[in-house]
1. Does at least one position in the stretch 29-43 carry a residue that is under 29 Å from P340 (Cβ atoms), among the hydrophobic types (A, V, I, L, M, F, W, C) and buried (at least 20 other Cβ atoms within 10 Å of the Cβ)?
2. Spot the failing condition for V197; the list is (1) out of contact with any strand residue (DSSP E or B) (no Cβ under 8 Å at 6 or more places or on another chain); (2) buried (at least 19 other Cβ atoms within 10 Å of the Cβ); (3) among the aliphatic types (A, V, I, L, M); (4) at pLDDT 90 or above, and only one is missed.
3. For a quick check of your reading of the model, give me the residue pairs whose first member lies in the stretch 406-418 and is open to solvent by 40 Å² or more (accessible area, probe 1.4 Å) and at pLDDT below 90, whose second is among the hydroxyl-bearing types (S, T, Y) and in a loop (DSSP other than H, G, I, E, B), with beta-carbon atoms closer than 9 Å and at least 6 apart or on different chains.
4. Determine whether H434 is in contact (Cβ under 8 Å) with a residue 24 or more places away in the chain, under 25 Å from the mean Cα position of the chain (by Cα) and open to solvent by 80 Å² or more (accessible area, probe 1.4 Å).
5. Hey, can you tell me all the residues within the stretch 267-313 that are assigned to a loop (DSSP other than H, G, I, E, B) and at pLDDT below 90?
6. Can you tell me which condition A202 does not meet? The list is (1) surrounded by 20 or more Cβ atoms within 10 Å (Cβ to Cβ); (2) of a type in the set (A, V, I, L, M); (3) within 30 Å of A347 (Cα to Cα), and all the others hold.
7. Taking the stretch 173-185 as the search range and keeping residues that are surrounded by 14 or more Cβ atoms within 10 Å (Cβ to Cβ) and closer than 21 Å to E417 by Cβ, which one is farthest from the chain's Cα centre (by Cα)?
Amino acid sequence: MLARVCSAGLLGIDAYPVEVEVDISSGLPSFATVGLPHGAVREGRERIGAALANAGFVFPLRRITVNLAPADIQKTGSGLDLPIALGVLTASGQLPDQALNGLMVVGEVGLEGDLRPVRGALPMALTARAAGCRGLLLPADNVPEAAVVEGLEVRGARSLREVCAYLSGHAELSATTVDLPALLAERRREECDFADVRSQAAAKRALEVAAAGAHNVLLIGPPGAGKTMLARRLPTILPAMTLEEALETTKIHSVAGVLERGRALCVLRPFRAPHHTISDAGLIGGGSIPRPGEVSLAHGGVLFLDELPEFRRNVLEVLRQPLEDGLVTLSRAAVSLTFPARFMLAAAMNPCPCGYFGDAVHPCRCSDVDVDRYRSRVSGPLLDRIDLHLEVPAVPYPELVAVSAEESSAAVRIRVERARAVQRARFASEPGIHANAHMTARHLRRYCVLAPAVEALLRQAVQRLGLSARAYHRILKIARTIADLDGADSLDTGHVSEAIQYRSLDRKRAAA
């Protein structure tokens, strides 16, 4: 007898429908899975056999053939366990023939018949709705994530017995719904706040500019100056996520298996801080079956690289494509996948190997050759792609112990959201452009028109500092963001002058 069960597989951060066909025929007992099953899928036959026996069902000792269509795409993961088990039960007459009509089923089965969560529940739910399924049946732990998809009945179970009782009509599994507006409005209490940072007014202003325009920023200063402390508070001043951003970020985290258990949606912007020993595959993504890396996990949020020169050169150079294009393309012999990677890069470094170059209190022990060698670990093309280069000096003791109130993240975020609203209105007709940092040369010519006096100032800065064309464009983008924060329609000399000040490494190279 033949049974068909609708399921789904993952390809990148998206899912695709998989039809599970189970045929039971006469012959010596065997269990064959065809349709390009990967290791975890092939091993599922052992889990399924034990699960059916331990859950009180009869595992047919006949010739069982399972086909996973489409047969030209490799199937990975353990989410096909449950549909295969239900297909075996249906084909052997232990479940009604029509019970699975209109349902998509995914889930991993344990040896006792318990259901365990799988990766990618959200993209699978989106695929179920697109395929016209009336409902999705999956492990209970995946229900909050899948239930954010409207127009789809999402039901969860904790065991194979519960699923079979529901399909046989002997028990009920209630459909789960979530309140999307309430989820998006949720903002868990931040563990850190800008008010925790003493002094550093210039650094806070620069991070506000960076957040307002989604610009990349590099913090340069001695040990203990507060670079990491400032960077960790950058997400707290970013605008709240939209539903589209939250869904895309949740898909990435779900596929990567890092979504918090029981959380339906990523409503807080991610902050990823990989160690400097990370490999290029860990940062950009990879593997024989490509998986998202740190740049994709930071999509919609902040990627923080502390001690930037300590990262291997080949690791840093792979950042060029995502910083320019906002995506990562990974090509393998069998498949080529593209992952979104639109993030803000926040990096920190010391000014020299000992950390005290230019410090007024601690003498620097490094030679000029040591300093040049240390800074050259970060290539010029990568520095050009970082919009703001910011000096973060050590905080003097009187300012460190001062009791004056500092501005909170919530207060800064109001100004940032106001500037972002201006940018959304400006780029409403520009697909893929959401902030000033994403502007191309064509947008700069349209939205950054300079008066003669402002143009003369910028020409002088480019000639004296020897700026590249990319650095010139970065200054215009920063100036446009500063003007948006000020509520100005056009760029004046003050906006451009402040933007030039945020290219400290260019100024130092010119002085040398």
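1. Among the residues of the stretch 29-43, at least one is under 29 Å from P340 (Cβ atoms), among the hydrophobic types (A, V, I, L, M, F, W, C) and buried (at least 20 other Cβ atoms within 10 Å of the Cβ), which makes the answer yes.
2. So the condition that V197 fails would be (4).
3. Close Cβ pairs satisfying both conditions: E406/S199.
4. When the stated conditions are applied, H434 passes them.
5. V267, L268, G287, S288, I289, P290
6. The single condition A202 does not satisfy is (1).
7. Once the filter is applied, the top-ranked residue is L180.
To keep it simple, each residue is scored yes or no on (1) in contact with a Lys or Arg (Cβ under 7 Å, 6 or more places away or on another chain); (2) open to solvent by less than 10 Å² (accessible area, probe 1.4 Å); (3) over 27 Å from A334 (Cα atoms).
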residue: Q74; (1), (2), (3): no, no, no
residue: S78; (1), (2), (3): no, no, no
residue: L82; (1), (2), (3): no, yes, no
residue: A85; (1), (2), (3): no, yes, yes
residue: N101; (1), (2), (3): no, no, yes
residue: G110; (1), (2), (3): yes, yes, yes
residue: L122; (1), (2), (3): yes, yes, no
residue: L126; (1), (2), (3): no, no, no
residue: R129; (1), (2), (3): no, no, yes
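The values are calculated or read from the model by the stated rules, or taken from the named source; none is laboratory data. Not measured: the values here are computed from a predicted model. Neighbour counts run over all protein chains shown; Cβ positions are idealised from the backbone, glycine included. Ligands, DNA and RNA are excluded from the accessible area calculation, which covers all protein heavy atoms including side chains. Shrake-Rupley method; radii C 1.70, N 1.55, O 1.52, S 1.80 Å.
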